[in-house]
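*Asks:* To start, I am sharing the structure in question, which I have written as structure tokens.
Here, each number is a calculation from the coordinates, and none is a lab measurement. Note that this is a predicted model, so its numbers are computed, not measured. Methodologically, a virtual Cβ is constructed for each residue, glycine included, from the backbone with ideal geometry; neighbour enumeration extends over all protein chains shown.
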Amino acid sequence: MQLYVNIAVLASIYALIACGYVLIYRVSRVLNLAHGELMMLGSYLLLTTASLFTGHPYLAFAAAALLALVVGALVYLFLLRRMTGEMVLAAVLTTVALGILLRGVMVLIWSASQQYPREALGWANPAIALPGGARISTFALLLILSTAAVYLSLFVFLRFSRWGIRMRAAGQNPLLAAQRGISLHGVYALAWGLSTFTGGLAGMLLAMDSGLDGTMVVIGLKAFPAALVGGLDSLVGALLGSLIIAAAEIFLIHHVDPLLSDVVPFLVLIAMLVIRPWGLLGTKEELDRV
Amino acid sequence: MTALLQVEQLEVVYQRAITAVQGISLVVQPNQIVALLGTNGAGKSTTLRAISGFLGLDDARVTEGAVRFKGERIETLSPQDITRRGIVLVPERDKVFPNLTVAENLIANAPRGMTLAERRRLHELVHQYFPKLAELKGREAGYLSGGERQMLAIAGAIVCGPALLLVDELSLGLAPVAVEELTRRLVEIRRELGIAILLVEQSAAVALEIADHGYVLENGRVVLDGDGPRLKSHPDIQEFYLGGSGERRSYRTVKQYRRSRRWYG
Ligand SMILES: Nc1ncnc2c1ncn2[C@@H]1O[C@H](COP(=O)(O)OP(=O)(O)OP(=O)(O)O)[C@@H](O)[C@H]1O
Ligand SMILES: [Mg+2]
């Protein structure tokens, strides 16, 4: 039973991170390889807002989440906007450089040592007993609930809201979208904002549960196979991919060797790329654009 | 009366090497339907792209001449700014969002400076002109037939509230009934909404049926122009575009055709 709880928690973590990769890829065909760093930045922002708003943990949390959204939009507007219409590869390389830069800056500002935003916010993290004898920490449960809420909101947003529909339109045919008066820069900035918001949220909840240091980037990187296995342009695919990767990882850790943990996602990814390179639910013709 | 659109001596070069349009001049008056005729590669699409500003994506540039819209020079404006001023293009290919439903295709459009009421009215009108689209509103646009797709593309352009509609290849790949329906709608749209239309067509018969004025392009130049009836009765048009007399010959080999340009050009 505990095994399944662990899978659910890990899958939620991956899914919450992976939807950020999917959002940006789906509207602009850009792989954001700085997503792990941006996610970590989100949790460091929480550390800072926690010390700014002592005694107001909810305010600190909301401020950090909002900041993450703004940071994402700014990254697009000041950095990637110049790449729009150029080769996708140039944009992807820019995100790589951004990631390296962010990592350096974060160490400079917040140091590389392990930190605990939960203590700064003054929240406890008691374990909750589940039927069947399994246990789950409060923030892990919160993470699962947040992932569900985020995916639900994203589905509703993309299907029913005007801006959501415009985002899908721009992803399918940017030229026509521009011809119909849709502001591509607006749509892309929104995608970056939402992506960094969800990634930041994942980072914050993760840091609340188990502390925060430079290794968080690795988790961001491990969510990337989850997005790819599902097919980079599909949210349902990201959900499915996260579940597969998390299940494979937990089972192998449990039955074979805990040291496999960091390798498993990429093993699954390679297997997937050999069998079905466009992912479980991805669009086949998208492949040549990666 | 100032012309709605005035193109003067327009020259467009692709990749700094291929001159696709070499000094085209044309005029669209308010509330007019103007046809641009010509065979493959004559430069019709390029002209429309130049007017709507979407040239940079194909690495093309306007190297000479001017495009005036309501008196203002627009050839150096960004595509977004041109769209905002009221020129909307229905492109030759990729004219709908394939994975959006018909209804979503219409909602996605982002017209500027229109109130919600105006927007609603245009949506209603579009459904009056094309009742089929209301029936198909839940269908993904990628599964539409060619005629339905063209309807959706025109409807999508109309809800952007254009003053000038550019339509590339109205009848391409469509059955005669579908084409007739579309042209009838365009005439209605022009009459009721006061939208001017610049129409690119391979089929002179279709275009000259509804056009007030027509231009015939060949190798990036205007070789013939005149009002609809006059072009229709012109012997060269009769022979080479309407299939009037006997076997098809290449008009490039006919000297009389070259000579007759001077009378009109
Ligand atoms: N992207 C491009 N790059 C280079 N040359 C181009 C490009 N697009 C068009 N051309 C060239 O410009 C010329 C005019 O093309 P254009 O598409 O405007 O013709 P058209 O009259 O629309 O023809 P059709 O009836 O086949 O659509 C052609 O010789 C074509 O080869
Ligand atoms: Mg063409």
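*Asks:* For chain B, what class follows from the C-alpha gyration tensor (a ≥ b ≥ c being the square roots of its eigenvalues): rounded when a/c is under 1.5, otherwise prolate if a/b is larger than b/c, else oblate?
*Replies:* Prolate, since a/c reaches 1.5 and a/b exceeds b/c.
*Asks:* So, R0 is 25 Å and r is the distance between the beta-carbons of A:L52 and A:E119; what FRET efficiency does that work out to, to 0.05?
*Replies:* Efficiency for this residue pair is about 0.95.
*Asks:* Based on alpha-carbon centroids, what's the gap between segment A:77-111 and segment B:69-87 in Å, whole number please?
*Replies:* Rounded to whole Å, the Cα centres lie 34 Å apart.
*Asks:* Using just the Cα positions, wrap segment A:2-221 in a convex hull and report its mean projected area in square nanometres, one decimal place.
*Replies:* If you wrap the Cα atoms of segment A:2-221 in a convex hull and average its projections, you get 12.7 nm².
*Asks:* Specify which residue in the list A:G203, A:V264, A:L239 is farthest towards the positive end of the charge dipole of segment A:178-290, using unit charges on the beta carbon of Lys, Arg (+1) and Asp, Glu (-1), about the Cα centre.
*Replies:* About the Cα centre, the residue reaching furthest to the positive side is A:L239.
*Asks:* To the nearest 500 deg cm²/dmol, what mean residue ellipticity at 222 nm is calculated for chain A from DSSP H runs of n ≥ 4 alone, each contributing -39,500 (n - 2.57), summed and divided by the residues?
*Replies:* -24000 deg cm²/dmol
*Asks:* Can you give the extra length, in nm with one decimal, that the chain gains between B:D227 and B:V187 once fully stretched, where that is 0.36 nm per residue apart less the Cα-Cα distance?
*Replies:* My answer for the length gained is 12.8 nm.
*Asks:* Antiparallel as a % of all DSSP beta bridges within the protein assembly as shown, to the nearest 5?
*Replies:* 60
*Asks:* So how much slack lies between B:Q238 and B:R16, counting 0.36 nm per residue of separation and subtracting their Cα-Cα distance, in nm?
*Replies:* Additional length available on full extension: 76.3 nm.
*Asks:* How large is the helix-only mean residue ellipticity at 222 nm for chain B, computed as the sum of -39500 (n - 2.57) over DSSP H runs with n ≥ 4, divided by its residue count, in deg cm²/dmol to the nearest 500?
*Replies:* Taking each H run of at least 4 residues, the total per residue is -11000 deg cm²/dmol.
*Asks:* Next question. Please name which of B:S25, B:V187, B:F97 has its Cα lying farthest along the dipole of chain B towards the positive end, using unit charges on Cβ (Lys, Arg +1; Asp, Glu -1) and the Cα centre as origin.
*Replies:* Farthest along the dipole direction, towards plus: B:S25.
*Asks:* What is the dipole size for the protein assembly as shown, taken about its Cα centre, with +1 at each Lys and Arg Cβ and -1 at each Asp and Glu Cβ, in debye to the nearest 20?
*Replies:* Values: 50 positive and 43 negative charges, 213 e Å.
Magnitude of the dipole: close to 1020 debye.
*Asks:* Still on this structure, please answer the following. Quick one: compute the contact order of segment B:5-264, relative version, from alpha carbon pairs under 8 angstrom and 6+ residues apart, as a percent.
*Replies:* So the answer I get is 25 percent.
*Asks:* Let me ask something else. Quick one: give the max-minus-min coordinate of the C-alpha atoms of the protein assembly as shown along each principal axis, largest first, in Å.
*Replies:* 92, 46, 41
*Asks:* Among the lysines in the protein assembly as shown, how many pairs, 8 or more places apart or on different chains, have alpha carbons under 24 Å apart?
*Replies:* 9
*Asks:* Specify which residue in the list A:A148, A:Y76, A:L176 is farthest towards the positive end of the charge dipole of segment A:2-221, using unit charges on the beta carbon of Lys, Arg (+1) and Asp, Glu (-1), about the Cα centre.
*Replies:* Result: A:L176, furthest along the dipole toward the positive end.
*Asks:* Under a point-charge model restricted to the Cβ atoms of Lys and Arg (+1) and Asp and Glu (-1), what is the dipole moment magnitude of segment A:2-221 relative to its Cα centre, in debye to the nearest 20? It would help to have the intermediate numbers written out before the result.
*Replies:* Details: 12 positive and 5 negative charges, 161 e Å.
For this selection, approximately 780 debye.
*Asks:* Spin-label point model (7 Å from Cα, Cβ direction): what's the B:T2 to B:E92 distance in nm?
*Replies:* Here the modelled spin labels are 3.2 nm apart.
*Asks:* Testing the spin-label approximation: label points 7 Å from Cα along Cα→Cβ at A:M1 and A:L77. State their distance in nm.
*Replies:* Using points 7 Å along Cα→Cβ, the separation is 5.1 nm.
*Asks:* Based on Cβ point charges of +1 for Lys and Arg and -1 for Asp and Glu, what charge dipole magnitude is obtained for chain B about its Cα centre, in debye rounded to the nearest 20?
*Replies:* 400
*Asks:* Shifting gears a bit: Please compute the length gained on full extension between A:V96 and A:D262, using 0.36 nm multiplied by the number of residues separating them and subtracting their Cα-Cα distance.
*Replies:* Working: separation 166, 0.36 × 166 = 59.76 nm, distance 2.02 nm.
Computed gain between A:V96 and A:D262 is 57.7 nm.
*Asks:* Taking a spot 7 Å from the Cα of A:V70 along the direction of its beta carbon, which residues of segment A:42-57 have an amide N less than 19 Å from it?
*Replies:* Residues A:42-54, A:56-57 qualify, since their backbone N sits under 19 Å from the label point.
*Asks:* What is the sum of charges around B:A35, taking Lys and Arg as +1, Asp and Glu as -1, for the other residues whose C-beta is under 11 Å from the C-beta of B:A35?
*Replies:* Residues near B:A35 contribute -3 overall.
*Asks:* Give the calculated FRET efficiency between B:N219 and A:T84 to the nearest 0.05, with a Förster radius of 41 Å applied to their Cβ-Cβ distance.
*Replies:* 0.75
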